[in-house]
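J.: One structure coming up, written as structure tokens, with questions to follow.
The values are calculated or read from the model by the stated rules, or taken from the named source; none is laboratory data. These numbers come from a predicted model, not from an experiment. Note that we place each Cβ from the backbone using ideal geometry, even for glycine, and neighbour counts take in every protein chain shown. Each accessible area value is taken on the protein alone, full model and side chains, heavy atoms only, with ligands, DNA and RNA left out. Shrake-Rupley method; radii C 1.70, N 1.55, O 1.52, S 1.80 Å.
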Amino acid sequence: MRYEVFLVEDEPHTRQQIGATVAAEPSLALSGSVGTYREAMASVRTIAKSNVLLVDLGLPDGDGVDIIRYVSHLEDPPNILVISVFGDERHVVRAIEAGADGYLLKDSNQTELVDAITSVINGDSPINPAIARHLLKRFRPAEGSAGSAAGADDPSPKMRITPRENEVLKLLGRGFSNAEIAELLKVSVYTVTSHVKHLYRKLAVNSRSEAIFEAVQLGLLELGRAED
């Protein structure tokens with residue numbers, strides 16, 4: 001199986017280089033490549049059918065973060081991987097909070113790029129080591145302020161979870177495996193895995209048990225059902 005990658009990058013030479021890197025990888029295929037915000041939004045149908053959205057932030061006619069935010073709220077969103085020259089805290093945090101699953105700097109080499117794309121497809125969240133420091137600073141609770149996690153003003157996870165993700169969450173709570181959920185919903189296991197990964201991110205958890213516990217606390221799952 002070849003996984004499809006859609007690229008949004010405004011600089012023509014960089015767009016050509018990244019596109020060539022993706023196309024040269026046997027497991028990947030380039031589903032589309034555009035250079036502006038307007039072109040990206042006009043290509044949402046193609047993006048939605050892709051496995052990965054590889055997106056730059058600094059576009060000539062808009063903000064890549066707005067693309068991330070829109071795409072992450074689609075019914076069945078692709079994995080979203082940022083590739084940018086911006087590595088400062090403001091850009092990194094905005095992108096992650098908008099829905100990005102991973103973040104790379106443009107000085108990453110071809111191997112690092114392919115590894116990151118493969119990693120995000122497999123449900124991981126590849127982040128450049130230098131960038132990870134920004135996230136640790138941002139999300140580590142301030143001393144003396146327990147319970148006031150950063151990002152508390154963000155919309156509730158309950159409001160950001162899509163109807164399909166809610167279906168998957170309820171089936172997780174009933175103890176079904178990803179393969180069983182895929183069969184019940186008539187979708188691929190890959191699609192279910194992608195939904196589960198997005199649920200983990202939105203609920204700020206790292207495992208199925210944590211997701212179920214957090215969902216119960218938020219009222220997304222009934223306790224009786226979660227224990228079935």
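J.: Tally Lys/Arg at +1 and Asp/Glu at -1 over every other residue whose Cβ is under 10 Å from the Cβ of Leu28; what's the total? If you can, show how the numbers build up before the last one.
T.: Numbers: positive: Arg2; negative: Glu4, Glu25.
It works out to a net charge of -1.
J.: Let me ask you something else. Set the Förster distance to 30 Å, then compute FRET efficiency between Ser207 and Glu75 from the Cβ-Cβ distance, nearest 0.05. Can you show the working numbers first?
T.: Details: r = 25 Å, r/R0 = 0.83.
After rounding to 0.05, the efficiency reads 0.75.
J.: Rounded, prolate or oblate, given the Cα gyration tensor of the range 1-45, with a/c below 1.5 counting as rounded?
T.: Working: a/c = 4.61, a/b = 1.36, b/c = 3.39.
It comes out oblate by the Cα gyration axes.
J.: Report the local net charge at Pro77: Lys and Arg +1, Asp and Glu -1, summed over other residues whose C-beta lies under 12 Å from its C-beta.
T.: Working: positive: Lys49, Arg69, Arg160, Arg164, Lys197, Arg201, Lys202; negative: Glu75, Asp76, Asp101, Glu165.
Here the count lands on +3.
J.: Under a straight-distance cross-link criterion of Cα-Cα below 17 Å, which aspartates and glutamates are reachable from Lys197, leaving out those fewer than 8 residues away in the same chain?
T.: Of all the aspartates and glutamates, those that pass the test against Lys197 - Cα under 17 Å, at least 8 places apart if same chain - are Glu75, Asp76, Glu97, Asp101, Asp124, Glu165, Glu167, Glu180, Glu210, Glu214.
J.: Can you tell me the FRET efficiency between Ala23 and Asp61 if r is taken as the Cβ-Cβ distance and R0 is 30 Å, rounded to the nearest 0.05?
T.: Details: r = 26 Å, r/R0 = 0.87.
E between Ala23 and Asp61, to the nearest 0.05, is 0.70.
J.: At a Förster distance of 22 Å, what's the computed FRET efficiency of Gln16 paired with Thr118, Cβ-Cβ distance as r, to 0.05?
T.: Efficiency, rounded to the nearest 0.05: 0.55.
J.: Solvent-accessible area of Phe86, probe 1.4 Å, all protein chains present, reported in Å² to the nearest ten, please.
T.: So the heavy atoms of Phe86 present about 70 Å² to solvent.
J.: May I pose another question? Roll a 1.4 Å probe over the protein heavy atoms and report the accessible area of Thr118 in Å², nearest 10.
T.: 50 Å²
J.: With the Cα gyration tensor of the range 1-106 giving a ≥ b ≥ c as the square roots of its eigenvalues, does the rule (a/c under 1.5 for rounded; else a/b larger than b/c for prolate; else oblate) give rounded, prolate or oblate?
T.: Details: a/c = 1.43, a/b = 1.21, b/c = 1.19.
The shape class here is rounded.
J.: I'd like to check one number: the per residue accessible area of the range 1-78, probe 1.4 Å, reported in Å² as a whole number.
T.: On the way: 3630 Å² over 78 residues.
I get 47 Å² per residue for the range 1-78.
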